[in-house]
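Here is the structure we will look at, set down as structure tokens.
What follows draws every value from the coordinates through simple rules; no lab data is involved. These numbers were taken from a predicted model, which means no experiment stands behind them. Note: ideal-geometry Cβ built from the backbone for every residue, glycine included; neighbour counts use all protein chains shown.
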Amino acid sequence: MKTSHSRDLVLFGVAAAVLAFDQLSKSWVRTALTPGVPWSPLPLLRPVLSLTYITNTGASFGLFPQLASVYALIAVAVSAGIVYFRTQLPYASFLVWVSLGMQLGGSLGNLVDRLLHQGRVTDFIDLNFWPLQEWPVFNIADSSVVVGVVLLALYLLREEPDISS
């Protein structure tokens, strides 16, 4: 990725796609599903995957709900940090910009929920198979942040350190 324009296009394009998919899916869930009642489009999938509409005030995957008042501020800080520091990063791999776009889009997706729905985030992806039995219900934004962080970590682990300075 050689130009700042192309990296911005990837970063903001991925973020916009994640944000749109996240908000569209949550909107559908809020209108089509009954809160707390699992639904599976294919009965064969029900033991493994269902859609269960819940809301939570916690962080990703419903963690630490007692800190609800801080999460909107954290999402703003993370989003602003990614947008600001993108200009400070050296030209890096396409994977870096995709991972940052996923993190930005996911952070904004849950921020929109918090701002528009009294601090509550809509969750609906309900996995239930070993080892994920009793796994918290989550959403596209949560998944995007986690996958983005994992992709960035894999990239950083793969990179050779520059010890010339």
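Number of residues in the range 37-91 that are free of Cβ contacts under 8 Å to residues at least 24 places away in the same chain and aromatic (Phe, Trp, Tyr) equals 4. Scanning the range 42-89 for residues that are surrounded by fewer than 15 Cβ atoms within 10 Å (Cβ to Cβ) and of a type in the set (Ser, Thr, Tyr) gives Ser69, Tyr84, Thr87. If the condition is being among the hydroxyl-bearing types (Ser, Thr, Tyr) and either in a helix (DSSP H, G or I) or in contact with a strand residue (DSSP E or B) (Cβ under 6 Å, 6 or more places away or on another chain) (or both), then the range 2-24 contributes Ser4, Ser6.
The set of residues in the range 18-34 that are touching a helix residue (DSSP H, G or I) at 6+ places or on another chain (Cβ under 7 Å) and hydrophobic (A, V, I, L, M, F, W, C) comprises Val18, Leu19, Phe21. Just one residue in the set Ala92, Ala77 is more than 23 Å from Ile54 (Cα to Cα), in a loop (DSSP other than H, G, I, E, B), out of contact with any Pro (no Cβ under 7 Å at 6 or more places or on another chain) and among the small types (Gly, Ala, Ser); that residue is Ala92.
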